[in-house]
1. Being within 17 Å of THR404 (Cα to Cα) and assigned to a loop (DSSP other than H, G, I, E, B) is the filter; apply it to segment 186-211 and report the residue that is modelled with the highest pLDDT.
2. Please find, within segment 306-327, the residue that is nearest to the ligand (Cβ to nearest atom) out of those that are under 20 Å from the mean Cα position of the chain (by Cα) and among the aliphatic types (A, V, I, L, M).
3. Taking segment 215-225 only, how many residues are within 16 Å of the ligand (Cβ to nearest atom) and of a type in the set (A, V, I, L, M)?
4. For segment 156-185, name all the residues that are part of a helix (DSSP H, G or I) and either of a type outside the set (D, E, K, R) or closer than 16 Å to GLU201 by Cα (or both).
5. Of the numbered conditions (1) of a type in the set (D, E, K, R); (2) part of a strand (DSSP E or B); (3) under 28 Å from ILE267 (Cβ atoms), GLU361 fails exactly one; give the number of that condition.
6. Can you tell me how many residues in segment 38-85 are basic (Lys, Arg), in contact with a Phe, Trp or Tyr (Cβ under 9 Å, 6 or more places away or on another chain) and at pLDDT below 95?
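The values are calculated or read from the model by the stated rules, or taken from the named source; none is laboratory data. Treat the numbers as computed from the prediction; the structure is a model and nothing was measured. Neighbour counts run over all protein chains shown; Cβ positions are idealised from the backbone, glycine included.
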Amino acid sequence: MRISEKQLELVDRQIKRINESGNYYSEVYKKAGISGVSTPEEFEKIPFTDKADLRNAYPLGIQAVPDEEVVRIHSSSGTTGKPVIIPYTAKDVDDWADMFARCYEIAGITNKDRIQITPGYGLWTAGIGFQAGCERLGAMAIPMGPGNTEKQLQMMIDMQSTVICATSSYALLLAEEINKRGLKDKIALKKGVIGSERWSEAKRKYIARELGIELYDIYGLTEIYGPGIGINCPNQHGMHIFDDYIYTEIIDPVTGKVLPDGEEGEIVITTLVKEGAPLIRFRTHDLSRIIPGECTCGRSYPRLDTITGRSDDMFKVHGVNMFPSQIEEILGKVDGVSSEYKIDIAHDEAKNKDIIMITAEAEGRVDFVKTADEIKKLCKSGLNVTPNVTIVSLNTLPRSEKKTQRVFDHRGD
Ligand code: ZN
């Protein structure tokens, strides 16, 4: 979807504000001769920005307002060292809560619901975003934060929580515990709002079935407000993205070329009204596509399809580009195998070749040796790689309260 006149005006205003602020990006734009934008062609010439820029500008180099207007910071660390800091004004915090409340509404959640919030509070944007949106909606927040499964289940029963907010891994852990303890009849959950990361259909079906709930994917990242910039509608055809706050493009992650609607690539986001830390053409490294056409629900917000992975999760084995999602898809086809897995890549010096090792979980009822063999064969025929496969019992691999790291590359260790 091409950038609209209205969105262009907002971006133009953002660039002028950035340049006046003298922040990190004002230097970038001055050097590039960018003083504003009036056509889609001009917009597409604005250089991309990346997490690396935010690290360079650490701690507050991207702040575009005077100190007295900043009311809060958040931070994201990611998997590689130095954190980034994002300053928020009162309006940014407000806008974020409005968007988040809109997410709950789209999921059919009302002020009568009781929302149990398990993502972490603090520097990370997750917990506090779920909380602010809940309060804006007028629902009852049950601010648990992560961990302490015993207490989570107790509160879920005592408070009769109707909505659970969690990562997919933690929702899975709770579903497994509820199943194991036979608590399903004691809980009142109707809906799950799950922080969007790549997760398999198998995992989705298991959680939905075990908890007897409808699941919604909520999208967002700390650099752009946090979670809450888009969510599935009940029709479940992709996540509606709030184009009055952000503009979304899909690019080829290698060439940087903007791709037409429908084609899969990397999500690039421009904030339209953010004050504290405006970002223009920020590369998220999340992979998805824009679903062409209107949603059957009648909402006109554009839609992003399910996140299929991250462009920086891509790994090369024998010169072939691969994504964890490809392995995940194969595991989903094998009977008795859970949705949790881990991929280790190493180099065999003696044979001078890369080795890929997959660790997957399976239910006790299946033969581990046969299951490993089947996965091996499917990888060979589908991906043209022959991994070493280890099968372990259910619940052996760690369940994460944040995004789960799947790929461990030991080459060069
Ligand atoms: Zn819809």
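1. So, considering only residues that are within 17 Å of THR404 (Cα to Cα) and assigned to a loop (DSSP other than H, G, I, E, B), the one modelled with the highest pLDDT is SER200.
2. Within segment 306-327, the first condition is being under 20 Å from the mean Cα position of the chain (by Cα), and the residues that meet it are 306-315, 322-327.
Next, from what is left, pick out any that are among the aliphatic types (A, V, I, L, M): 307, 314, 322, 327.
Details: ILE307: 17, MET314: 30, MET322: 32, ILE327: 31 Å.
Filtering first and then ranking leaves ILE307.
3. The initial filter retains those residues of segment 215-225 that are within 16 Å of the ligand (Cβ to nearest atom), namely 215-219.
Now restrict to residues that are of a type in the set (A, V, I, L, M): 215, 218.
Summing the residues that are within 16 Å of the ligand (Cβ to nearest atom) and of a type in the set (A, V, I, L, M) in segment 215-225 gives 2.
4. First pass over segment 156-185, keeping only residues part of a helix (DSSP H, G or I): 156-158, 168-181, 184-185.
Result: MET156, ILE157, SER168, SER169, TYR170, ALA171, LEU172, LEU173, LEU174, ALA175, ILE178, ASN179.
5. The failed condition is (3).
6. Residues of segment 38-85 basic (Lys, Arg): 45, 51, 55, 72, 82.
Narrowing further to those that are in contact with a Phe, Trp or Tyr (Cβ under 9 Å, 6 or more places away or on another chain): 51, 72, 82.
When the remaining residues are screened for being at pLDDT below 95, the result is 51, 82.
Looking only at that region, the number is 2.
So that you can scan it fast, the table gives a plain yes or no per residue for (1) within 16 Å of the ligand (Cβ to nearest atom); (2) surrounded by 15 or more Cβ atoms within 10 Å (Cβ to Cβ); (3) of a type in the set (Asp, Glu):
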| position | (1), (2), (3) |
| --- | --- |
| GLU329 | no, yes, yes |
| ASP335 | no, no, yes |
| ILE345 | no, yes, no |
| GLU349 | no, no, yes |
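Let's see how each residue does on (1) surrounded by fewer than 16 Cβ atoms within 10 Å (Cβ to Cβ); (2) without any contact (Cβ under 8 Å) to a residue 40 or more places away in the chain:
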residue	(1), (2)
ASP354	no, no
THR359	no, yes
GLY382	yes, no
VAL389	no, yes
ASN395	yes, no
